[in-house]
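Presented below is the structure to which this report refers.
None of the figures in this text is laboratory data; all of them are computed from the coordinates on show. Not measured: the values here are computed from a predicted model. Glycine also receives a Cβ, built like all others from the backbone with ideal geometry; neighbour counts cover every protein chain displayed.
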Amino acid sequence: MTPTDYAAIEAVNWSTLVHLATSARLLEWRRDHPREETRALRVGTAIHCALLEPERFALEYVGQPDLGDGRTKAGKEARAVWQASIPAGATILDADEHELVTRCAEAARAHPVVRDLLRGGRAEEPLTWHDEATGLACKGRLDYIAPTYLLDLKSTRAETIGQL
């Protein structure tokens, strides 16, 4: 199931309901004003995809190459050719972001514990249910489910790790 398919499920999820902890007005406002994509959010989402869905990552994420000086005719032509080659709806990562994402996913897959955990299960498994108390249709997506465990993948900046 693609992220678009999941988003199309008419149900509430944690990312929506969490705003109720502050107020119903915040929930209403957030519904009409989605959060802005930050570099950290874009990179974290890309790491998630690269590790759990490498085939989808290869299709939907594009690293921006060095196209030379964009002020020159050659640079403008190179940019036009590159932009025409980008699949519709692809997420563009700058060269540093793409390298970071790729290296993070490779490092995680190279770790023996991670490698073993990502065997024999399914990534991005959607769930739907109805909350008995409220009657609300609910949805969630498990990062990874295996016969005897669930994984929830998180990423963070290296500076943050030193603060723990």
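General observations
- Cα gyration tensor of the stretch 20-68 - equivalent ellipsoid semi-axes, whole Å, descending: 31, 15, 9
- Of the peptides 40-46, 63-69, the ranking by mean beta-carbon count within 10 Å, highest at the top, reads 40-46, 63-69.
- Neighbourhood net charge (15 Å Cβ-Cβ; Lys/Arg +1, Asp/Glu -1) for residue 2: -2
- Theoretical FRET efficiency, 1/(1+(r/R0)^6), r = Cβ-Cβ of residue 38 and residue 132, R0 22 Å, to 0.05: 0.05
- Cross-link reach is defined here as a Cα-Cα straight distance under 22 Å, omitting same-chain residues fewer than 8 places apart; for residue 154 the lysines meeting it are 139.
- The angle between the Cα long axis of helix 95-110 and the main principal axis of the chain comes to about 60°, on a 0 to 90 degree scale.
- Mean separation of Cα pairs under 8 Å and 6 or more residues apart, divided by the residue count, gives the stretch 89-141 a relative contact order of 19 percent.
- Expected-Rg normalisation [2.2 N^0.38 Å, Cα atoms] applied to the stretch 104-148: 1.62
- Net charge, residue 22 excluded, C-beta distance under 12 Å - Lys, Arg +1, Asp, Glu -1: +1
- Beta bridge orientation in the chain: antiparallel %, DSSP, nearest 5: 75
- Sum of side-chain charges, residue 42 neighbourhood, beta-carbon under 11 Å (Lys, Arg +1; Asp, Glu -1): -3
- In the chain, taking the dipole from charged Cβ atoms about the Cα centre, the farthest positive-side position among 140, 104, 130 is held by 104.
- Charge dipole magnitude, Cβ of K and R +1, D and E -1 - the chain, Cα centre, debye nearest 20: 220
- The angle separating the long axis of helix 39-52 from the principal Cα axis of greatest extent in the chain is about 80 degrees.
- Loop-resident GluC sites (Glu not before Pro) (DSSP state other than H, G, I, E or B) in the stretch 1-79 with no more than 14 further Cβ atoms inside 10 Å of their Cβ: 10, 36, 37.
- Residues with amide H under 5 Å from that of residue 142, placed H, sequence gap 5 or more: 125, 127
- Across the stretch 25-164, Cα pairs under 8 Å and at least six residues apart give a relative contact order of 21 percent.
- Under 5 Å between amide hydrogens, built in the peptide plane, is the criterion, and for residue 91 it picks out 61, 62 among residues at least 5 positions away or on other chains.
- Helix 73-85 axis versus longest C-alpha principal axis of the chain: approximately 30°, rounded to the nearest ten.
- Once you divide the Cα radius of gyration of the chain by 2.2 N^0.38 Å, the number left is 1.26.
- Charging the Cβ of each Asp and Glu at -1 and of each Lys and Arg at +1, and nothing else, the dipole of the stretch 70-164 about its Cα centre rounds to 440 debye.
- Extension gain, residue 145 back to residue 86 (0.36 nm per residue minus Cα-Cα distance, nm): 18.0 nm
- For the pair residue 58 and residue 116, label points projected 7 Å from Cα toward Cβ lie 2.8 nm apart.
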